[in-house]
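See structure below.
Rule-based calculations on the coordinates, nothing more; no lab input. All values derive from a computational prediction rather than experimental measurement. Cβ placement follows ideal geometry from the backbone for every residue including glycine, while neighbour counts extend to all protein chains displayed.
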Amino acid sequence: MRKHITRLLTTLLALVMLLPIVAQAAPTDGWTDEAEQAYQTVTQLVIQRVSESKDYLATATQEENAKAIYALWTSGATVPGGFYDEYLQALADWLDLAVKRGKTAYIPGAIRTVAAMGLDVTDFAGHDLMDALRKPELVEADEDRLDMLLDLDAAGDAGKKDEFSALREQLLTEALARQQSSGEFRYTSKWPAELKQKGVDDEPDRFDYILLTAKSAQALAPYQSRKDVSAAIDKALTYLSEQQLPSGGFVKYGDEDVEEDAAGLEMLAALGISLADERFTKDGHTVLDGMMGWYQDFYFEEAPKPGQGFYRKNANWGYNTYYKPLGWVKSSWRSMYDPDNSDEYVIERKYINEAAFSGFSLFRTAAQTWNTSTADLVVPSHSDTDVKPDYKQLLKQKTDGMAEQVIANYEYLLTEAREITVGEIASFSSQILALQNANVTLTKKEDEKLQEIMTAMVEASSEYYLGRTSSTYSAGAVRAMQYLGMDPGDINGLDYLAVLTNTDKLVATSTYDFNGFMEDIAAVDPVVWRSRGVDVGAVVDKYATRILADQTPDGGFDSYYGVNIAQGHADTSWRDDARYTAETLTALAPYADKEYVAKAIDAGLEYLSSVQLADGSFANMSKETPDGEVTLAVLKMMEALDISLEDERFVKNGNTVADAMQTFYVDGVGFISNFDVEAPLDNLEILPRYDNPNMGVSDTISALTYLQAAENGKFGPDGKGSSVFEVVGAALTETPLGAILLAVIVVAILAFAMVRRYRRIKREQ
């Protein structure tokens, strides 16, 4: 049950604390004193949120901020001194980073915002914001393409150029095509692929249609003179009028939702429709009334997460595929203490002021014109972003003293008597392998110390690791041991190789370890296997068979696919993982001479080529967000399979995988796996460890190595049997040509002097 609670004393207190401003006269046309009070309060909350998040990398946050700034500016909000300047600088910095990454930087709403401020959208801090509209194929989401239409209109003369005429027609045609006979607008690009694979072909009725329909009518508003557009808007208004609830609000996911109400208000403002219009008045309640039912104007301490402003009930929705009947359900409700009764619980509120503020304030703006001056704005200057990193130097910096650091990180295990986890062995092994990949030459002391640590780790839990199944085996440990000059078959009497040949573990279970097994098996000299009486070919066949059970019909790999098939699940849907696919092909690479393996590799390569993004990168399982670690996994796979960077299968729009990889490097930070991060680059420590996008030391060294090899033209087939790591490692330790020539000259001079001295001595004799 919704609650609208007004407490005069608390409201005044909140206003005293948060609003040291003088409110302008409230507009007419249905705008109430209560709405004005809410506007003033929420304004301060939105300002605070923008200030806290202006430097965030996430495009979604940048979009949210751009639209909030637009609403603040156009509604004449009173803001702190320098607030807009700080935002403009943050936007310019974000655009600089985007250019450096080789991205087309489209932020929905940014063009509108910059244009509203009276600034040049074709030259904002050296950036032409219209460039993003010149590559509309890179913007896929339906809502974002509606924003492109809105931005084109807001750009003024810059958006009216002939070069954008075709785009405008394309966007209008797309928008009109999304309308159904009932008047609603439905998504064409939003529905998750994994649900389509499960046979769920469509969203349930009234899921998001209100929002998209209102936004579509808003985007079409400037083109009402066209008969087809006018007819579409009329049908949309009829549909929305029919969906409006007695409260005045609208529904989302089966419940009233303030975000839909805000979208409705924004649409009414764009179309110049009065709040009192009979089509949008139900039981005497307007859309604004419906929205205000979701406004809370005070703080309370009883709730776990006290809040203020516009909120929605906090519930999670999901599609049930395990129980009957199948369909959409609220998978969970979050609760909090009732502010009126601390002994009772209510559904927790999720405050969405930023999402609600735009429509709320823009309707206020439509009702009354506000004067906003541009005279005091400070436009950021152009920043030179065309600086290419020195990968060779960065690699040297990263590897200098690395062995000492690894020892310092793990030396405590020599004196701490406890069970060592498989994760600790895996982490230690990965750093040892990073040293190997960087071609680091260990001193005798370093090598002995690292051997001592590895021995202690294995011995600490020998029975656990050597006596169980694959989940207890640390893939990569065998390769790390060999690099340290250890015999994995005899670590103080413990046989770490025996685990690799135990094919009894190949049961129907999901694990990534199988790939690691294959890499470790390949790293052991075949002579060793023969001396142990192991038919390594038969072992490999068994592992490969199990691994290939996870290959899906489209050539990708899903670590649960083989499990579902083996266990006879009726639901055999899959969700391909580009990273898992690349890692699997890397593990299979040494056995590509086997016909069935080669066939599987070809199918996997075809799949990876099909999901490569326009900038050359690869995404995580979302299939949308570029991911640095996934892109790196593909580079590793290409190197393992001797695939050239210029292979046409892995070049998109002229961008290679290496081109994409370098865009994830940020000066002073390093390689970032995911730029869609809710934190500024200079303060990533505020994030939980699992959300931190910084790549680890092993991945960083690998990325630098591949990029250095690509720069030197040494990536891919070299005909010498040398890996990228060997080639780059040799380059890092080679003596510069000048030094060589100098040495030759010095030696020649010395030799000449010695010869002359020898001849003089002979003459004297």
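The phi-based Karplus calculation (6.51 cos²θ - 1.76 cosθ + 1.60; θ = phi - 60°) puts the 3J(HN,Hα) values of the stretch 217-234 at 4, 5, 5, 7, 3, x, 10, 5, 5, 7, 4, 5, 6, 4, 5, 5, 5, 4 Hz, whole numbers, x for Gly and Pro.
Under 5 Å between amide hydrogens, built in the peptide plane, is the criterion, and for ASP338 it picks out GLU344, TYR345, VAL346 among residues at least 5 positions away or on other chains. Rounded to whole numbers, the Karplus 3J(HN,Hα) couplings from phi for the stretch 558-568 are 10, 5, 9, 4, x, 5, 4, 5, 4, 8, x Hz, using 6.51 cos²θ - 1.76 cosθ + 1.60 with θ = phi - 60°, and x at Gly and Pro. Residues whose amide H lies under 5 Å from that of LYS252, counting only those 5 or more places away or on a different chain, are ASP257; hydrogens are built 1.01 Å from N in the peptide plane.
Collect residues whose amide H, placed 1.01 Å from N in the peptide plane, falls under 5 Å from the amide H of ARG532; neighbours closer than 5 in sequence don't count. For ARG532, whose amide H was placed from the backbone, there are no distant partners under 5 Å.
Here the spin labels are modelled as points 7 Å beyond Cα on the Cα-Cβ line, and at ARG226 and ASP340 they lie 5.0 nm apart. For the stretch 630-646, putting each phi into the Karplus relation 6.51 cos²θ - 1.76 cosθ + 1.60 with θ = phi - 60° gives couplings of 5, 4, 5, 4, 5, 4, 4, 4, 4, 5, 5, 9, 6, 9, 5, 4, 8 Hz, in residue order, rounded to whole numbers and with x for Gly and Pro. Highest average first, the peptides 695-701, 607-613 ordered by how many other beta carbon atoms sit within 10 Å of their residues are 695-701, 607-613.
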